[in-house]
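So the structure is just underneath, and the comments pick up after that.
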Amino acid sequence: MPRPSLLFTLSLVLAVAVAAVSQHAGGALAQTPLLGQTRIGVGPAPSWHNTSWLNTDQPVTLESLRGRVVLLNFWVFTCYNCTNTVPSLVDLDSKYRERGLTIIGIHTPEFPPYAGEHDKGNVARALEKYHIKYPNAQDNDSRTWDLYGIRFWPSFVLIDKKGRIRYEGAGEFHLGDATYQLWDGRIQELLSEQ
Amino acid sequence: MKTVLLGLALVIVAVSRTAQAQTNAQPLAVRAEPTDSATRLVLVAAPGWKINARVKPALELPSGAIVRFDAPQLTADSAYFAEPPTARILGRVATVRGMLKASVCAVGEQVCRVVTLKL
């Protein structure tokens, strides 16, 4: 029968081991978002306050979209993974806009202004090039990016009709692939809710 | 028994530090190659990382000047550098100081992220 002090020491060592391993596992997961990785049921969506918009006459607010399903796409036109995903978003927009989906592009530059990503004309040209019809906000100060705790391009946040974040994820996907089907199914799920 | 416990604790600390070091490993490094009257900077990606060529890496020098890296060889989709991009600064230096920014993508992750390195 081990002495109590020995049991205590063993427990302490085991606890340290578990803590060390789990801390590393969490960090590694956060560092490597895999294709289609998502968080589910995150909470109320925060309101964005971007002032510079494209493909819309006036700023689009979260409050004005209550009753619609909203898909935020954090992207930048210099990101290859982002532009590769755009055809899927254009497709989802054409399929579900009339049924209550609003896709909003949050254009967040990666680089300082000298790289040209902040320039509204450049963003407008990218929207035209990729046939993007849905509203896009310029997020040049990364305020909305930070508000949503985004870390990677492209990222996605799916908000339900009551303004709650229901799904989040990051990573390129393509028309018809498994991740596209996943997002398509989630959109249909939220559209079917009252 | 105490020796066993001490050994176990040391192993745990070593494993944890190794894991932390791997997590914090930088995907980029800058190599300075002095030439006659200038320095050629070579931006090298660690294995498993690609450098986004659509937004050229930048080195913000302490003077405020910005040096952009570039390379003629890109991948077939013109999205990434197919060879280490280079930049040139005046003067011969063995080490360079400044803030390096680059957009990088890890193979298989399908996302981009910005790396900022203080040199």
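The values are calculated or read from the model by the stated rules, or taken from the named source; none is laboratory data. Just so we're clear, the structure is a prediction, and the values are computed from it rather than from any experiment. We place every Cβ from the backbone using ideal geometry, glycine too, and count neighbours over all the protein chains shown.
One table, with the values for the structure above:
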| quantity | calculated |
| --- | --- |
| Test: residue in the range A:127-140 that is assigned to a strand (DSSP E or B), within 14 Å of chain B (Cβ to nearest Cβ) and closer than 25 Å to A:GLY43 by Cα | no |
| Top-ranked residue in the range B:54-86 [being touching a Ser or Thr at 6+ places or on another chain (Cβ under 7 Å) and among the aliphatic types (A, V, I, L, M); ranked as farthest from the other protein chains (Cβ to nearest Cβ)] | B:ALA71 |
| A:LEU29 vs. criteria at pLDDT below 95, in a loop (DSSP other than H, G, I, E, B) and closer than 30 Å to A:GLY185 by Cβ | no |
| Long-range neighbours under 6 Å by Cβ, at least six apart or interchain, first residue farther than 14 Å from B:ALA79 by Cα and at pLDDT below 95 within the range B:106-119, second surrounded by fewer than 17 Cβ atoms within 10 Å (Cβ to Cβ) and not hydrophobic (A, V, I, L, M, F, W, C) | B:LEU119/B:ARG97 |
| Single residue of the range A:64-99 satisfying the filter (within 14 Å of chain B (Cβ to nearest Cβ) and polar (S, T, N, Q)) that is surrounded by the fewest Cβ atoms within 10 Å (Cβ to Cβ) | A:ASN84 |
| Enumeration of residues in the range A:172-194 that are buried (at least 20 other Cβ atoms within 10 Å of the Cβ) and in a loop (DSSP other than H, G, I, E, B) | A:GLU172, A:PHE173 |
| Output for the range A:95-115, where each listed residue is of a type in the set (Ser, Thr, Tyr) and in contact with a helix residue (DSSP H, G or I) (Cβ under 8 Å, 6 or more places away or on another chain) | A:TYR96, A:THR102, A:THR108 |
| Members of the range B:79-115 found to be closer than 20 Å to A:TRP75 by Cβ, in a strand (DSSP E or B) and out of contact with any Asp or Glu (no Cβ under 6 Å at 6 or more places or on another chain), listed by number | B:TYR80, B:LYS101, B:ALA102, B:VAL104, B:CYS105, B:ALA106, B:CYS112, B:ARG113, B:VAL115 |
| Residue within the range A:150-162 that is assigned to a helix (DSSP H, G or I), over 15 Å from A:THR83 (Cα atoms) and among the acidic types (Asp, Glu) present | no |
| First in the range A:68-80 and of a type in the set (S, T, N, Q), second anywhere and part of a strand (DSSP E or B), Cβ under 6 Å, 6 or more apart | A:ASN73/A:GLY105; A:ASN73/A:PHE156 |
| The lone exception for A:GLY169 - which of (1) buried (at least 20 other Cβ atoms within 10 Å of the Cβ); (2) over 30 Å from B:ALA102 (Cβ atoms) it fails | (2) |
| Close pairs from the range B:61-84: first within 15 Å of B:ALA102 (Cβ to Cβ), partner surrounded by fewer than 16 Cβ atoms within 10 Å (Cβ to Cβ) and of a type in the set (D, E, K, R), Cβ under 8 Å, at least 6 apart | B:VAL67/B:ARG88; B:ALA71/B:GLU83 |
| Any chance A:THR102 is in contact (Cβ under 8 Å) with a residue 40 or more places away in the chain, within 14 Å of chain B (Cβ to nearest Cβ) and not in a loop (DSSP other than H, G, I, E, B) | no |
| Filter result for the condition that a residue is at pLDDT 95 or above and more than 25 Å from B:TYR80 (Cα to Cα), over A:LEU127, A:LEU71, A:LEU89 | A:LEU71 |
| Failed criterion for A:ALA115 (all others in (1) out of contact with any Phe, Trp or Tyr (no Cβ under 9 Å at 6 or more places or on another chain); (2) under 20 Å from A:GLY41 (Cα atoms); (3) within 11 Å of another protein chain (Cβ to nearest Cβ) hold) | (2) |
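A quick yes/no check of all residues on (1) touching a helix residue (DSSP H, G or I) at 6+ places or on another chain (Cβ under 6 Å); (2) over 22 Å from A:LYS161 (Cβ atoms); (3) assigned to a helix (DSSP H, G or I):
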residue	(1), (2), (3)
A:ASN81	no, yes, yes
A:VAL86	no, yes, yes
A:ASP93	no, no, yes
A:GLU117	no, yes, no
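Yes/no per residue for (1) surrounded by 15 or more Cβ atoms within 10 Å (Cβ to Cβ); (2) over 25 Å from A:CYS82 (Cα atoms); (3) among the hydrophobic types (A, V, I, L, M, F, W, C):
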{"residue": "B:LEU43", "(1), (2), (3)": "yes, no, yes"}
{"residue": "B:GLY48", "(1), (2), (3)": "no, no, no"}
{"residue": "B:LEU59", "(1), (2), (3)": "yes, no, yes"}
{"residue": "B:PHE81", "(1), (2), (3)": "yes, no, yes"}
{"residue": "B:ALA87", "(1), (2), (3)": "yes, yes, yes"}
{"residue": "B:ALA94", "(1), (2), (3)": "no, yes, yes"}
{"residue": "B:ARG97", "(1), (2), (3)": "no, yes, no"}
{"residue": "B:CYS112", "(1), (2), (3)": "yes, no, yes"}
